[in-house]
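Notes to accompany the following structure.
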Amino acid sequence: MISNGLEGVVATQTRLSHVDGERGELIIAGYRLDEFAQLSFEEVLHRIWNAAGVTGQAICARPLSRCAIAVLQDAAGQRADPMDALRMAVGTLTARDDMEAAELLAGSVPTIVAAYTRLLGGTDPIDPGDDLGLAANYLYMLSGTAPTPERVQALNSYFATVSDHGLNASTFTARVIVSTESDFVSAITGAVGALKGPLHGGAPGPALDMVFEIGESSKAESYLRNKLDNGERLMGFGHRVYRVRDPRAEVLSAAAERLFLDSQDAPLYELAKSVEQTALTLLGEYKPHRSIQTNVEFFTALLLHGLGIDSEFFTPTFAIGRVAGWLGHCFEQRAEGRLIRPQSVYIGPRRTFRHLPMSSGDRYG
Ligand code: ACO
């Protein structure tokens with residue numbers, strides 16, 4: 001039997017996370033998401049890698065090598081897509097073993113993303129501060145000023161929430177690469193490529209654009225109906241596994257509410273909540289055969305916008321958090337040690353040269 005998209009196929013066991021799409025439950029490293037989302041990103045890394053059977057040193061933000069800076073400067077000169085720039089800069093990293101690679105990757109991705117944000121904005125990158133955690137350092141390297149504890153807490157919640165999520169496309173990509181006995185830098189480079197796609201990590205920018213284009217609650221219904229009538233998908237809704245509301249949307253909605261409360265952006269949060277309700281009603285009407293609910297991307301967009309992160313950097317910021325899980329899976333896959341190699345069914349023709357004259361295409365193709 002062929003399962004297109006490997007839907008329903010169980011390919012491995014993991015101790016890192018459990019996704020229950022029917023009940024809307026997510027467990028990471030043994031903890032329910034609402035508890036896990038209270039940890040700092042350092043604790044998240046520590047607990048996920050521990051669950052994978054390894055103990056790392058304290059992870060801190062790493063300054064960039066000259067090679068990585070040169071690559072980012074060149075990418076900025078071409079105004080390369082931030083995920084392409086991240087892929088290129090991650091590819092410059094080298095390490096002697098898996099643990100060194102894991103610590104280097106987890107500490108370098110925030111610095112790379114912050115440096116590219118500044119270069120693209122025409123300012124010089126800022127080195128990480130010595131006494132700041134990863135989330136605080138990321139915000140510091142973006143703006144040059146120490147962030148408030150509320151903003152650090154919001155970003156830590158975000159990183160914890162997106163840190164791991166079963167065998168999603170980018171995690172599977174990383175595991176496939178490690179299964180060939182390749183190295184962790186190659187695995188994370190490949191995972192960044194998989195995360196870039198709009199069906200995986202590339203949706204939050206368009207989800208926020210949609211809220212801005214709608215502008216006020218009274219226009220939501222006609223705007224969204226128009227999209228659905230044209231056969232378009234509503235970004236930030238639907239998921240391959242969840243048939244109920246994505247539990248990550250719940251946690252991020254609460255984190256966004258805390259962040260926006262009393263800020264001048266509070267009306268934007270109210271608008272987003274109203275757009276979400278209208279979208280859910282319409283999706284129920286247009287796609288009654290499929291339970292399409294809010295996914296993680298919708299409130300990711302809102303939260304990251306509230307933190308002052310530009311929408312083209314939403315997916316690279318997602319990557320900073322997901323590195324924790326990618327690397328946990330790399331360690332698990334390394335221990336499993338089995339090459340991932342599914343099969344395909346050939347549906348092309350069976351030809352023979354005996355009866356047919358060779359065409360020029362056959363000769364040179
Ligand atoms: N808006 C409108 N219709 C949708 C949406 C949506 N967001 N999502 C699914 N549908 C519809 C499809 O059109 C299809 O309808 P049909 O049966 O009438 O043709 C039906 O639901 C099933 O669609 P599939 O593509 O088979 O569902 P799948 O499980 O593969 O979809 C996916 C998952 C790709 C995420 C989809 O919901 C989507 O495109 N969402 C919008 C993009 C998005 O938000 N991506 C982020 C996902 S979260 C993450 O990866 C971190």
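FYI, it's all coordinate maths here, none of it is from the lab. Because the structure is a prediction, the values reported are computed rather than measured. Please note: Cβ atoms are built from the backbone with ideal geometry, for glycine as well, and neighbour counts cover all protein chains shown.
Bin width 10 Å, alpha-carbon pairs only: give the P(r) of the range 164-290 as whole percents, running from 0 to the bin holding the largest distance.
Computed distribution, short to long bins: 11, 34, 31, 18, 6, 0.
Take each complete run of DSSP H in the chain, measure how far its Cα atoms stretch along the helix's own axis, and keep only those covering 27 Å or more with mean Kyte-Doolittle hydropathy at least -0.5; list them.
Values: long enough: 98-120 (32 Å, 0.80); 266-286 (30 Å, 0.19); 314-336 (33 Å, 0.04).
Flagged H segments are 98-120, 266-286, 314-336.
Just to confirm a number: summing +1 for Lys and Arg and -1 for Asp and Glu over residues other than Leu104 whose beta-carbon lies under 13 angstrom from that of Leu104, what do you get?
-3
Take peptides 333-346, 73-86, 296-309 and line them up by average Cβ neighbours within 10 Å, highest first, as a rough protection proxy.
Working: 333-346: 10.7, 73-86: 17.3, 296-309: 25.2.
Ranking the peptides 333-346, 73-86, 296-309 by packing returns 296-309, 73-86, 333-346.
If amide hydrogens are placed 1.01 Å from N in the peptide plane, which non-local residues have theirs closer than 5 Å to the one on Ser17?
Result for Ser17 returns Ala29, Gly166.
If r is the Cβ-Cβ distance from Gln57 to Asp81 and R0 is 30 Å, what FRET efficiency results, to the nearest 0.05? Numbers along the way, then the final one.
Working: r = 33 Å, r/R0 = 1.09.
Rounded to the nearest 0.05, the efficiency is 0.35.
Ranking request for peptides 192-199, 127-134: highest mean number of other beta-carbon atoms within 10 Å first, then the rest in descending order. Working shown, then result.
Numbers: 192-199: 18.0, 127-134: 16.2.
Order by mean packing, descending: 192-199, 127-134.
For Ser291 and Arg243, calculate 0.36 nm times their separation in residues minus their Cα-Cα distance, and state this gained length in nm to one decimal.
16.7 nm
Summing Lys, Arg as +1 and Asp, Glu as -1, what charge do residues with Cβ under 12 Å from the Cβ of Val178 carry, Val178 excluded?
Numbers: positive: Arg175, Arg334, Arg338; negative: Asp98, Glu181, Asp183, Glu332, Glu336.
After counting each charged neighbour, the total is -2.
For the chain, compute the number of Lys pairs whose alpha carbons are separated by less than 20 Å, excluding pairs fewer than 8 positions apart on the same chain. Don't skip to the answer; put the middle values down first.
On the way: Lys219/Lys227; Lys219/Lys273; Lys227/Lys273; Lys227/Lys287.
Lysine pairs satisfying the spacing and distance rule in the chain number 4.
Specify, per residue and in Å³, the volume enclosed by the convex hull of the alpha carbon atoms belonging to the range 253-365. Write down the numbers at each step before the final one.
Values: hull volume 31.6 nm³, N = 113.
Convex hull volume per residue, Cα atoms: 279 Å³.
Rg/Rh for the chain to two decimals, with Rh computed the Kirkwood way over all alpha-carbon pairs.
On the way: Rg = 21.8 Å, Rh = 21.7 Å.
Using only Cα positions, Rg/Rh for the chain is 1.01.
Quick one: if the Förster radius is 41 Å, what FRET efficiency do Ala70 and Asn230 give, using the C-beta to C-beta distance and rounding to 0.05? Walk me through the numbers on the way to the answer.
Details: r = 44 Å, r/R0 = 1.07.
Result of the calculation: an efficiency of 0.40.
Out of Ser17, Ser186, Ser170, any idea which swings most in a Gaussian network model of the chain, alpha carbons joined below 10 Å?
Ser186
Grab the Cα-Cα distance for Lys219 and Ala254, subtract it from 0.36 nm times how many residues apart they are, and report the gain in nm with one decimal. Before the final figure, lay out each step's value.
Numbers: separation 35, 0.36 × 35 = 12.60 nm, distance 2.47 nm.
This chain segment gains 10.1 nm when fully extended.
Based on the Kirkwood radius over alpha-carbon pairs, what value in µm²/s does the Stokes-Einstein equation return for the translational diffusion coefficient of the range 17-156 at 4 °C and 1.567 mPa s?
Estimated via Stokes-Einstein, D reaches 79 µm²/s.
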